[in-house]
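What follows is a set of notes on a single structure, which appears directly below.
The values are calculated or read from the model by the stated rules, or taken from the named source; none is laboratory data. Quick caveat: nothing in here was measured; it's all calculated off a predicted structure. FYI the Cβ positions are ideal-geometry reconstructions off the backbone, even for glycines, and counts take in every protein chain you see. Just so you know, the surface numbers come from the protein's heavy atoms only, side chains and all, with ligands and any DNA or RNA stripped out. Shrake-Rupley method; radii C 1.70, N 1.55, O 1.52, S 1.80 Å.
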Amino acid sequence: MSTGQVIKRAKYKTSLKDPGTDGVLKLTEEKLFFRPNDPTSNMKLEVDFKSIQSHRNTKEGSNKPPWLNLGHSQGNYIFELASYPDLNVCREFVGAAVLLLCFTLGSISTLSGIALSRNKSGEAPPAISGEQLSPAEMELRIKLLREDSKLQKLHRELVASGKLTESEFWATRKKLLDKDESRKLKQRVGFKNSMIFDTKPMSDGRTNQVTFSLTPEIKNQIFALKPAVHQAFLNFVPSKMTEKDFWTKYFRAEYLHSTKNAVAAAAEAAEDEELAVFLKDDEILEKESRKKVRRVDPTLDMEADQGDDYTHLPDHGIFRDGSKEVSEAQHQLCRRTLLQDLNRQGAVVLEGRTLDSEMEHQRTVAEVLERTRHESDGDIEQERRNRISRMTQIEDLQEQGDHPFAPLCIKDPREYFDSQQANAVKTLDHSQAGMDQTRCNLSSEEAYGFLKVSISKIKTLGISDPLVSPEIASKVLAGLTKNISTSKYQYGKNSQESVLDILPNTTKEQLLDHWVCSQELLRHFWSSYPITTSNLNTKVNRLKDSISQMYSKLEEIKVSARSDMRHQVSLIVHPMQQVLDAALLHYDADKRKRNAKAQRLNGYA
Amino acid sequence: MTSAPSKLYADDVSLLVVSLDTNPFFWSTFSFPFSEFISHVLAFFNSILLLSQLNQIVVIATGCNSCSYIYDSSSDSNHSSEAVGMPALYSNLLQKLEEFVAKDEQLGKAQTPGAIASSLLSGSLSMALCYIQRIFRSGPLHPQPRILCLQGSPDGPEQYVAVMNAIFSAQRSTVPIDSCFIGSNNSAFLQQASYITGGIYYRPPQLDGLFQYLSMVFATDLHSRAFLRLPKSVGVDFRASCFCHKQTIDMGYVCSVCLSIFCEHHQKCSTCGSVFGQSQSAANL
């Protein structure tokens, strides 16, 4: 595959029904050729990949023949390949070629062509299903390649030359792909956090009229916040009054409330029982809050929460004036406090939106809301029971639940070390027997005797006068200073300057490219171990070839470097070759191991 | 030499704690004689003390059965012992060394004769660290401590855990461990020790010039090292010993709870007692 072309036996079909012409399909990086076996046939093809706008193929296991469908502006080229492996090879190749052309041409037209033809795929025969990328994904990849010239270079180097397949290349860059994916995350709009209790009346100043503006959104919010209003809406609206009357009445009540004229409100309420509904405390809410209180852990100290009360703070920048309300709180009808409002608002916002606000008809909205509320009631009751039953257990007396994890038990360290001591003694001679044979021949008396003799020798003789002979001293000095790289002296004055900078630009570029490339290859190489499937095996073989190619390329750079630079270049190239060496060594060792294993298995069989 | 307030510990004053390998089995078979070795080392000690009056040397003998402090320059009795024509340092140290070897032999006799031990590197490292901790706690002014391992005998894989623990505690108290390895093969323990603690690992290729290597590479105090180009290690052998058979392994099993290392699959971690599930690969085999 690394030759940059693919040749496969295939049948060329002009249409789906066409029985097809036998021949040979040849794919190169720029073009595809089809040569029929029958030289007299006029079904010869030579097509530029530039004109290919889409490519599809049949799925393996779909009991359809392996078809490769290449769409161009006038129609399709359909090739029936001999087998699915053949098809996969061709598909990868075509995908890479088309993708490559897309960005080398620098035009998005091909791409949009691909996307367009995909959109029209409804008309495509159902047998041809897209195992390949979705157009969005393709677009994303091209975008990434276009934005990052280095990535593009790497892609060209590795994918176009067949060292890696398209999917392998991107598999290691899932993060890049995902990052863009995440931007598209759908998030539902929740309830607004602003208090809709504050539907501010607008007065024109001349007349006594006040205007409230009302949108479906606000209506929704009102229903959610005030179940009593909701209930009233359900009771009254079509039967007793129109929707408009209902809202007028509601806002009248709100207005009365906002004026803080408790007496007037009471008077009005006495006259109009519908209006009274709005002014009264919300019974449903009360019931709910009673329910909530029952759900509170009975062991919780509610007293502690009194400090959290913030009614004493003057006006929170909210339209409603908290301090005044407190003073008038003695009146039955106007006991709605800022705190209650805030709490209710918070609860509703947290509860979230239960249905889309786009629903136009208020009546249906109201009904749906009603239903969902009922449904959740049952759950809540069940949950409450569970909670109570859980809380009434006394944990200490319960038997231990089955933990899904093994409890950690650190044993007595002494026990561990004792057991290890025995092990150590046991394995000591065993592990060192092969290491140093001569040592075993010596008894401990002899050994200690030798040591004692040495000590007494030096005691009597003293230290020899020239401790180190001059020749050896100069040798040692040379040895210790040899490794201090000369480049450090010449170029190391400026710490910003690296050895790379003194190399000619082309060499530098080449080295950097090779480095990036070999890193990529190695990443793929090492990630394919252990080899568990034949697929991985072929991949490793392919990668090993590429790695050895890379190795020789590096060798070339080393040799071709200018003589004065050669030392520096080889210093840089050396570690690069080392890592490649390690990979090749591992490949060989692994292969040997696997062969041995296979033989052994055969032997047993 | 007790610490007087007039003493000014500059940043180039060192406390050198030396672990001296006195494994008789190693030295009796090694090509470079122990007497030569010790004379180079003694000269090196002397030059360290000459570098600065405040420099301090502590020598710990590392035997097969025990470890012991054999010299401390701060508590050196200055009166010369019986040996004439030799500095007090040398004669005192040699005297103590002789005593140590005799004691070590005594201890060895109590044990089974077949067991050939490697030097107790872990023990001498621990002793060195203890000494250094004492210096650290003596007051705000103290010399810059470092440890030098003069090791020849090969690693004892059974000491792996203890040595690693010593290394990590040295790292924690920012005490570099320098290692000068005399033996034929590189020591993985000392390579790791120097690598982790930021010390120097060096294996002199020419043992005749040992003194020169010691004085050129290991004599420099921590402050001056920043200005020198000391030999860099070529590579570090990071292999670990398994906890079960104390063998050095390339690949093994690691307990996911306590990170203990094993050479083969176990049902249960011997360190922390976690029960392991059947691994995928083991199930396939």
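Once the C-beta distance of B:Lys109 and A:Asp588 is scaled by a Förster radius of 51 Å, the resulting FRET efficiency is 0.50 to the nearest 0.05.
Total buried accessible area between B and A, probe 1.4 Å, nearest 100: 4800 Å². Given a Förster distance of 35 Å, report the FRET efficiency between A:Ser534 and A:Leu350 from their Cβ-Cβ distance, rounded to the nearest 0.05. Computed FRET efficiency for A:Ser534 and A:Leu350: 0.05. I'd like the carbon and sulfur percentage of the solvent accessible area for segment B:14-227, probe radius 1.4 Å, heavy atoms only, ligands and nucleic acids excluded. Taking all protein chains in place, segment B:14-227 shows 54 percent carbon and sulfur surface. Counting only alpha carbon atoms, the long axis of helix B:160-172 and the longest principal axis of chain B meet at about 60°. For the pair A:Leu176 and A:Asp581, label points projected 7 Å from Cα toward Cβ lie 3.1 nm apart. Amide H to amide H, with H built 1.01 Å from N, A:Ala10 comes under 5 Å of A:Gly23, A:Val24, A:Leu25, counting only residues 5 or more places away or on other chains. Accessible area per residue for segment B:14-227 is 37 Å², calculated with a 1.4 Å probe on protein heavy atoms, without ligands, DNA or RNA. Ordered by 1.4 Å accessible area with all protein chains kept, A:Leu177, A:Leu158 run largest first as A:Leu177, A:Leu158.
Were the residues from A:Ser474 through A:Thr40 laid out at 0.36 nm apart, the gain over their Cα-Cα distance would be 147.8 nm. Each other residue within a Cβ distance under 12 Å of A:Ala10 adds +1 if Lys or Arg and -1 if Asp or Glu, for a net charge of +3. Look at the stretch B:155-165: the mean tally of other chain Cβ atoms within 10 Å of its residues' Cβ atoms is 2. What angle, in degrees between 0 and 90 and rounded to the nearest 10, separates the Cα long axis of helix B:88-110 from the longest principal axis of the Cα atoms of chain B? Approximately 30 degrees, to the nearest ten. A 1.4 Å probe over all protein chains sorts B:Ser31, A:Ser289, B:Ser14 by accessible area into B:Ser31, A:Ser289, B:Ser14, starting with the largest. Determine, from the Cβ-Cβ distance of B:Gln206 and B:Cys258 and an R0 of 45 Å, the FRET efficiency 1/(1 + (r/R0)^6), rounded to the nearest 0.05. Between B:Gln206 and B:Cys258 the formula returns 0.55. Legend: mean number of C-beta atoms from other chains within 10 angstrom of residue C-beta atoms, peptide A:457-469, equals 6. B:Asp11 contributes about 80 Å² of solvent-accessible surface, heavy atoms of the protein only, 1.4 Å probe. In this rough spin-label picture, where each label sits 7 Å from Cα along the Cβ direction, the A:Ser560-B:Arg229 distance is 3.0 nm. Between 0 and 90 degrees, the angle of helix B:34-51 with respect to the longest Cα principal axis of chain B falls at about 60 degrees. Only protein heavy atoms count here; on that basis, with a 1.4 Å probe, B:Glu36 has an accessible area of about 80 Å².
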